[in-house]
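Read through the structure below, which is laid out as structure tokens, and then see the notes.
The values are calculated or read from the model by the stated rules, or taken from the named source; none is laboratory data. It should be emphasised that the depicted structure is a prediction, and the values quoted were computed from it without experimental measurement. Virtual Cβ from ideal backbone geometry, glycine too; neighbours counted across all protein chains shown. These accessible areas exclude ligands, DNA and RNA; they are computed on the full protein's heavy atoms, side chains included. Shrake-Rupley method; radii C 1.70, N 1.55, O 1.52, S 1.80 Å.
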Amino acid sequence: MPQLYYYQFSSKTPNKLIEVRSLYLNPKTKKIDYDQDGVQFEKDLTQIRKRLTPLIVGNANTVKIHILNQSKKQIPSWYDPSEKITEYKTKYKVMTHSHQSNNQIAVNYDNKLKITQNFIVPKQNKMLIVIQYLGIPFETGYQVEDPVLLLPKK
């Protein structure tokens, strides 16, 4: 299920990803409800989009994933607990010649991390990269996309 997140660049932790919960609150129960009326959700999302400055598409060829370390273990599969599948825990960093991310961790099931999107954040000396991997091993598997913020190298 898609989830909305944001970075608060003016905070003391500009690289901390913040989960938006308010869009998913059921007005009657005041609890998180992902299956509520889609019409109101789209209206709220449109209001948010109007306040945003679009990102600038960057050159994905200038960005590299550096694997720092990796472990793997066998875990029970979702379809038959007596069968085993390999789970990889990968610690990595994303870098360009001038920017880098903090260390990131991906728990994946095909040992492949892929850069799918690269953006430059306007009026900020930052980049936003999207890393994709097989992160949910149920059924035929589901891809997960993680945003990774790159800050200038010090």
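What the table shows:
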item	result
Failed item, numbered, when GLN124 is tested on (1) open to solvent by 30 Å² or more (accessible area, probe 1.4 Å); (2) under 29 Å from PRO76 (Cβ atoms); (3) at pLDDT below 95	(2)
Condition broken by HIS97, with the remaining ones in (1) of a type outside the set (A, V, I, L, M); (2) under 24 Å from LYS16 (Cα atoms); (3) open to solvent by 50 Å² or more (accessible area, probe 1.4 Å); (4) assigned to a strand (DSSP E or B) satisfied	(4)
GLN47 being out of contact with any strand residue (DSSP E or B) (no Cβ under 8 Å at 6 or more places or on another chain), polar (S, T, N, Q) and assigned to a loop (DSSP other than H, G, I, E, B)	no
Filtered residues of the range 64-94 (kept if within 24 Å of GLU139 (Cα to Cα), assigned to a strand (DSSP E or B) and open to solvent by less than 90 Å² (accessible area, probe 1.4 Å))	SER71, ILE75, PRO76, ILE85, THR86, GLU87, TYR88, THR90
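Yes or no, residue by residue, for (1) among the hydroxyl-bearing types (Ser, Thr, Tyr); (2) modelled with pLDDT under 95; (3) over 30 Å from LYS153 (Cβ atoms):
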{"residue": "LYS28", "(1), (2), (3)": "no, yes, yes"}
{"residue": "ASP33", "(1), (2), (3)": "no, yes, yes"}
{"residue": "ASP37", "(1), (2), (3)": "no, yes, yes"}
{"residue": "PRO54", "(1), (2), (3)": "no, yes, no"}
{"residue": "ASN69", "(1), (2), (3)": "no, no, no"}
{"residue": "ASP80", "(1), (2), (3)": "no, yes, yes"}
{"residue": "THR90", "(1), (2), (3)": "yes, no, no"}
{"residue": "HIS99", "(1), (2), (3)": "no, no, no"}
{"residue": "LEU128", "(1), (2), (3)": "no, no, no"}
